[in-house]
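*Asks:* Next up is a structure, given as structure tokens.
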């Protein structure tokens, strides 16, 4: 099961709102595609690469467009922790990002 944490849902909303300043169409398209990409994690939780900033092989990321989708495998579940721009260090905005639930 894929679970989106509250902070990750907020991140996705921020991505949407940022893109929507220029195009509501692309804002919707990108956020839907990010959400769809995470659904594959239920079946293939190890498909992403290990996050370089993390010291934990269970914290991984997928890349879509210019965004990093950061998630953690916990048992049979996948918890989406954050959606951040590729140029950002995952921990730059919030040091507790990798401990979100």
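The values are calculated or read from the model by the stated rules, or taken from the named source; none is laboratory data. On a predicted model such as this, the values are computed, not experimentally measured, just so you know. Here the Cβ is made from the backbone with ideal geometry for all residues, glycine too, and neighbour counts use every protein chain on show.
*Asks:* Kindly provide the set of residues from the range 33-49 that are part of a loop (DSSP other than H, G, I, E, B) and more than 19 Å from residue 12 (Cβ to Cβ), ordered by number.
*Replies:* Passing the criteria: 43, 44, 45, 46, 47.
*Asks:* A follow-up question, please. Specify the residue that is nearest to residue 19 (Cα to Cα); the eligible residues are those in the range 50-76 that are free of Cβ contacts under 8 Å to residues at least 24 places away in the same chain and not in a strand (DSSP E or B).
*Replies:* Filtering first and then ranking leaves 66.
*Asks:* Somewhere in the range 84-96, is a residue outside any loop (DSSP other than H, G, I, E, B), more than 12 Å from the chain's Cα centre (by Cα) and at pLDDT 85 or above?
*Replies:* no
*Asks:* Test of understanding: among 68, 60, 13, which residue is surrounded by fewer than 15 Cβ atoms within 10 Å (Cβ to Cβ) and either at pLDDT 95 or above or touching a strand residue (DSSP E or B) at 6+ places or on another chain (Cβ under 8 Å) (or both)?
*Replies:* 13
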